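The values are calculated or read from the model by the stated rules, or taken from the named source; none is laboratory data. Quick caveat, the model's predicted, so the values are computed rather than measured. Backbone-built Cβ (ideal geometry, glycine too); neighbour counts: all protein chains shown.
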Amino acid sequence: MIDTPNPESTVATDAKPQKPRLDLAALYPACFNWKQPRPLKIGIFHDLRAAGHPRPAIHKALAVYCSRGRYLKALRAGMPRLDLQGQPVGTVTADEEAVAKAKLAGTWTPPNRPATNTVSAGQPTPDLPIDAPLSEDNIVTGRLELTLKFSDLPKPMPVKNGMKIGIQTDSALVVATLPPKAWKKLEQAQAEWPQWVAALTGKLGTRAGADGEAVVVLEQPALQVFEKKAKTTTT
């Protein structure tokens, strides 16, 4: 098993490949091909993690795939690197081709892995600027979501998949398409409760805007509506 998310840090081997438990070629045939391999996107490890595959299985599968002589021969300068959907993302550099050739010749020596610096309580923090770039070891996968609240019933625009609404915030216009059931929740709250508040949560989608206006598209929206009761005062 390799220690870093870089699958091309392994040495070359001409042994017959034993397919690992995570069969990348079966799952992503547009990207992985044992007979005619093509260069992989830099950072494809993180794409596989985002797709839900476990870290150890990814390490093993990429180590087996990228250590093959056929794959190393495919690393030629200028060749496109592919993502999981087979789309080109970047190209192979001349330095990367040189490393691949050295691995094939058996003359490549892996660089020493730098020691990981940990900061314990009471120890001074490193003198790094706040805008210092992160390495791959500092990054994990996650999901960015947005939650906003509103208390007025917007006028909807009927579209193919439901009702499209907009909520203007102090920093951007948020646009979401609510399923019919979610829209009925808002109509019911407006009809039955004097005051209510809705919480809209979703995945942060593409950003677009006309004339410089910031617009955020909320994908896969989920809606909750609560009655807002007036505070009682005691005398």
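Could you list all residues from segment 91-105 that are touching a strand residue (DSSP E or B) at 6+ places or on another chain (Cβ under 9 Å) and either outside the structural domain of L27 (by TED's automatic domain parsing) or more than 18 Å from Y65 (Cβ to Cβ) (or both)? Break it down stepwise before answering.
First pass over segment 91-105, keeping only residues touching a strand residue (DSSP E or B) at 6+ places or on another chain (Cβ under 9 Å): 91-92.
Result: T91, single match.
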Against the condition surrounded by 13 or more Cβ atoms within 10 Å (Cβ to Cβ), outside any strand (DSSP E or B) and at pLDDT below 95, how does K203 come out, does it pass? no
For segment 160-206, give me each residue that is in contact (Cβ under 8 Å) with a residue 40 or more places away in the chain, under 28 Å from the mean Cα position of the chain (by Cα) and more than 13 Å from A222 (Cβ to Cβ). S171, A172, L173, V174, V175, L204
Working only within segment 70-108, note down all residues that are part of a loop (DSSP other than H, G, I, E, B) and at pLDDT 90 or above. L75, R76, A77, G78, M79, D83, L84, Q85, G86, Q87, V92, T93
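When only residues in segment 114-159 that are among the charged types (D, E, K, R) and at pLDDT below 90 count, which is farthest from A222 (Cα to Cα)? Working first, answer last.
Of segment 114-159, the ones among the charged types (D, E, K, R) are 127, 131, 136-137, 143, 145, 149, 152, 155.
Those still in the list that are at pLDDT below 90 too: 127, 131, 136-137, 143, 145.
Numbers: D127: 43, D131: 35, E136: 32, D137: 33, R143: 15, E145: 11 Å.
Top of the filtered list is D127.
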Single residue of L82, L72, L104 found to be closer than 19 Å to C31 by Cα, surrounded by 14 or more Cβ atoms within 10 Å (Cβ to Cβ) and touching a helix residue (DSSP H, G or I) at 6+ places or on another chain (Cβ under 7 Å): L72
Being touching a Ser or Thr at 6+ places or on another chain (Cβ under 7 Å), surrounded by 12 or more Cβ atoms within 10 Å (Cβ to Cβ) and of a type outside the set (A, V, I, L, M, F, W, C) is the filter; apply it to segment 143-170 and report the residue that is farthest from V215 (Cα to Cα). G162
Of all residues in segment 131-183, how many are in a loop (DSSP other than H, G, I, E, B), of a type in the set (G, A, S) and within 22 Å of W196 (Cβ to Cβ)? 1
Report whether or not A189 is part of a helix (DSSP H, G or I), in contact with an Asp or Glu (Cβ under 8 Å, 6 or more places away or on another chain) and surrounded by 11 or more Cβ atoms within 10 Å (Cβ to Cβ). yes
